[in-house]
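The values are calculated or read from the model by the stated rules, or taken from the named source; none is laboratory data. Worth saying up front: this structure is predicted, and the values here are computed from it rather than measured. Surface areas here come from the heavy atoms of the whole protein model, side chains and all, with no ligands, DNA or RNA. Shrake-Rupley method; radii C 1.70, N 1.55, O 1.52, S 1.80 Å.
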Amino acid sequence: MSILSIVKSLNNNLVLAVNDNDEEFVLFGKGIGFKKKKNDLVDESLITKTFLSKDNQNMVAIIENIQPDVLDVTEKIVSYAEKELNKKLNASLLIALADHIQCAIDRQKQGIDLPENTMQWEIPFLYAKEYELGKSALEKIQLELDVLLPPSEAAFMALHFVNAQDGVETMDETIFITKILKSIVKSIQTLFNVSLKKDSLNYSRFVTHIRYFMNRQLHNQTQQSNENEKLFDIIKEQYPKSYACSLVIKEMLQSDYGLEVSNDELVYLIIHIERVVSDTQALD
């Protein structure tokens, strides 16, 4: 990173900065903004986190509409989420989530209620871990900002955590993937007559697999197939019902979304279906 100078001190621990290539960043670090003025150089030894916007958005314009205390609490929410998920989240999450929280707060102050969206009921099931992070975020907002946002916001914040893990380009893609995931889960539950155990490790792995598969499809990153027909034959014979389920899903993806699923992908899908269904059936 080239030399950084202050555009605006947001609070003692957050600054908006620009480098000599005119790239904008929000920087976090204890005391990094203390008594700093515009054009002061950033003490880079104090930087502990770097955040940026997506798609070269005008960060100055975005930041102008976000209260500094909202940015501060969002940084804490992001740090907690990274700890709970045990992974580094996309550097654009702070700005996107802070903007979302600020808009939610503004709507509440104006007495504006968003219409119900079926997704708010589906997200807790599809993304159980991220939904719990959304609920934790609401608690932190209430504690630190004395603002009680509606419970439905936990679901929409969960999508930000999902989006920040996958590296997809837009929130629209995350919502599209969520729609497909819902269809896949519905197919599995119908064929096996079960309600999948959403808090199991295998369910979490299953959801992650579907998300990465969809990312590859959406961004044309499918690998050259090196299909191991022998392995495919073994798997489909060992797990005939999961294989049948995978064919239903394959047909649905092709007919409804124009997506092709190779036998290589089917092998992994069959294994994930078998595991996630077995987890649920073990409780019966």
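Using a 1.4 Å probe on the protein heavy atoms, what percent of the accessible area of the chain belongs to carbon and sulfur? Using a 1.4 Å probe with all protein chains present, the chain comes out at 48 percent carbon and sulfur. Within the listed set L269, L259, L89, the Gaussian network model of the chain (springs between alpha-carbon atoms below 10 Å) gives the highest mean-square fluctuation for L259. Panel values: segment 154-199, Kirkwood radius from alpha carbon pairs, Stokes-Einstein at 37 °C and 0.692 mPa s, translational diffusion coefficient 278 µm²/s. When only Cα pairs below 8 angstrom with a gap of at least 6 residues are kept, the chain shows a relative contact order of 11 percent.
Convex hull volume of the Cα atoms of segment 1-53, normalised per residue: 65 Å³.
Length, then width, then depth: along the principal axes, the Cα atoms of the chain run 69, 43, 30 Å. What the chain shows is 53 Å² of accessible area per residue, with the surface traced by a 1.4 Å probe over protein heavy atoms.
How high is the relative contact order of segment 1-83, in percent, counting Cα pairs under 8 Å that sit 6 or more residues apart?
Values: 127 pairs, mean separation 20.7, N = 83.
Value for segment 1-83: 25 percent.
If you sort T48, T74 by accessible surface, 1.4 Å probe, largest first, the order is T48, T74. Distance from the C-alpha centroid of segment 53-117 to that of segment 231-284: 37 Å, rounded to the whole angstrom. Normalising by residue count, segment 17-108 has a Cα convex hull of 118 Å³ per residue.
Mind checking the alpha-carbon convex hull of segment 129-284 and giving the volume per residue in Å³? Let's see the in-between values first.
On the way: hull volume 19.9 nm³, N = 156.
Hull volume normalised by residue count: 127 Å³.
Note on T170: accessible area is roughly 50 Å² with a 1.4 Å probe, heavy atoms of protein only.
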